[in-house]
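Working notes, beginning with the structure itself.
The values are calculated or read from the model by the stated rules, or taken from the named source; none is laboratory data. Given the structure is predicted, the values throughout are model-derived calculations rather than measurements. Neighbour counts run over all protein chains shown; Cβ positions are idealised from the backbone, glycine included. Ligands, DNA and RNA are stripped out before the accessible areas are found, and what is left, the full protein with its side chains, is counted by its heavy atoms. Shrake-Rupley method; radii C 1.70, N 1.55, O 1.52, S 1.80 Å.
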Amino acid sequence: MKIFDRSKYRLAGLPRLAGLSRLGLAACLLLLAGCAGSRATPPDLALVDPGATAETKALYANLKRLASGAVLFGHQDDLAYGVTWKREKGRSDVKDVVGAYPAVFGWELGDLELGHEANLDGVNFKDMKGWIKEGYKAGSVVTIAWHLNNPVSGGNAWDTTRAVHTLLLGGANHATYKRWLDTFADFVGDLEVGAFRWLGLGTPIPVIFRPFHEHTGGWFWWGKGHASPDEYKQLWRFTVDYLRDEKGLHNLLYAYSPDHFTSEAEYLERYPGDAYVDIFGYDDYGSLRTDEGVARLTENLRTVVELAEARGKIAALTETGLEGVPDEDWWTNRLLAAIEGDPVARRIVYALVWRNANEADKPGHHYAPYTGHPSAPNFVRFYEHPFVLFADELPDLYRYR
Ligand code: BMA
């Protein structure tokens, strides 16, 4: 982890070297060269952000290396609440069952743009920042999605009033959208660890950002039928350019995550370009109920992996699950079966299941098991499987060796 900025250290050290003998100077230079070389840098990764932080580059390079040997297990909102509890320090339904935290923690920013203290599911943003830091310190990966409210109607993300064109340059809500992105940048900019954060020497936590997800479906205002492919691409590119170049965020990896698709052409219809996407994602909830569905998901993962690898990128099952996990063997018979057995599909780097809600109006809306759930024993087998990684089995993802 970055403790100090080496370039600043070297500059500050120069005047003091002036008084040293040649031998002393040579020794110092050798020492400095040794220090500088002690952290290897990944080869050219062609990331969306060439100026990404060392930890962000290391994360990407390490995930790339893990591909095919392992898949990381992820869970949305894991530390915030579970099926029967909320806000209990250190608690997680996943950890209750297997004794380890997920290797990927998913979080949700919907309503941040409105200045609310909590997101659309009642998770307080200040708490969320704390949990994101805990997850990072546990060595896990952090990913963020954003169910943005509809800027035209004032409705939520599921209000499909046409809005994308209004966010683009020259559009009626362009200034509003920039303000919304400012709230995002403030939030992400705060995600830093390190004792010297107050000196501006903190380590920004790398985040996989998944904007405007599931756009091959028509349920969100940025989805199919509510914006043209060109409008969608323009919105994506503006978002990246603004966050990276105007707001100076260098701890983001960008994941493109369509929902169901039936061809490469459909997957790529709204793809904003190689310069704007780091991770090829896929969200799938429908498939993992039957053997045919498992085969279909494998086939789609193969496509996603092949498209990603052809561009030197990585792939992930960015959201999945079966609400209530009604199938006791779902973890090994469905989820693992869809991924591990196929030589191409197994090269996805992570699979994340959705949240374990405990809202009165959403009974059974959970995607991971909890203590006593009928699928818990099978989830333990899933955890024990050598191909599946949880937080306790991860190599240091944030350092490149
Ligand atoms: C959905 C559901 C909703 C939730 C939203 C954002 O899939 O879980 O209840 O508000 O995700 O987290």
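Numbers for the structure displayed
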read-out: Nonlocal amide H pairs with Leu253, under 5 Å, H built at 1.01 Å; value: Val207, Ile208, Phe209
read-out: Gaussian network model of the chain, springs between alpha carbon atoms under 10 Å - residue of Arg381, Arg355, Arg270 with greatest fluctuation; value: Arg381
read-out: Size of charge dipole - the chain - debye, nearest 20, with Cβ of Lys, Arg +1 and Asp, Glu -1, no other charges; value: 2060
read-out: Surface accessible to a 1.4 Å probe, per residue, for the residues of region 61-393, Å²; value: 36
read-out: Rh (Kirkwood; distinct C-alpha pairs) - the chain, Å; value: 22.1
read-out: Enclosed volume per residue, in Å³, of the convex hull spanned by Cα atoms of region 306-384; value: 97
read-out: Euclidean distance of C-alpha centroids, region 353-401 and region 270-311, integer Å; value: 21
read-out: Distance (nanometres) between label positions extended 7 Å along Cα→Cβ at Thr84 and Phe387; value: 3.3
read-out: Shape box of region 50-142 [Cα atoms, principal axes, largest first, Å]; value: 37, 35, 19
read-out: Unit charges at the beta carbon, dipole of region 61-393: most positive-side option, Phe280, Gly106, Thr203; value: Thr203
read-out: Segments 249-255, 180-186 sorted - mean Cβ within 10 Å per residue, highest first; value: 249-255, 180-186
read-out: Relative contact order of region 287-401, defined on C-alpha pairs under 8 angstrom at six or more residues apart (%); value: 27
read-out: Hydrodynamic radius (Kirkwood) for region 175-228, which is based on Cα pairs only, to one decimal in Å; value: 13.7
read-out: Mean ellipticity per residue at 222 nm, deg cm²/dmol - from DSSP H runs of n ≥ 4 across the chain, formula -39500 (n - 2.57); value: -10000 deg cm²/dmol
read-out: Hydrodynamic radius of region 212-308 per Kirkwood, over alpha carbon pairs, in Å; value: 14.3
read-out: Å³ per residue enclosed by the Cα convex hull of region 91-160; value: 96
read-out: Length-normalised contact order for region 225-307 - Cα pairs under 8 Å, 6+ apart - percent; value: 30
read-out: Of the DSSP H helices in the chain, those whose Cα atoms cover at least 20 Å axially and whose Kyte score averages 0.0 or more; value: 22-37
read-out: Mean Cβ neighbour count within 10 Å, used as a protection proxy, ranking 44-55, 199-210, 97-108 highest first; value: 97-108, 199-210, 44-55
read-out: Solvent-accessible area, 1.4 Å probe, carbon plus sulfur percent, for the chain; value: 54
read-out: Lysines whose Cα lies under 24 Å from that of Lys137, excluding same-chain neighbours fewer than 8 positions away; value: Lys2, Lys57, Lys64, Lys86, Lys89, Lys95, Lys126, Lys129
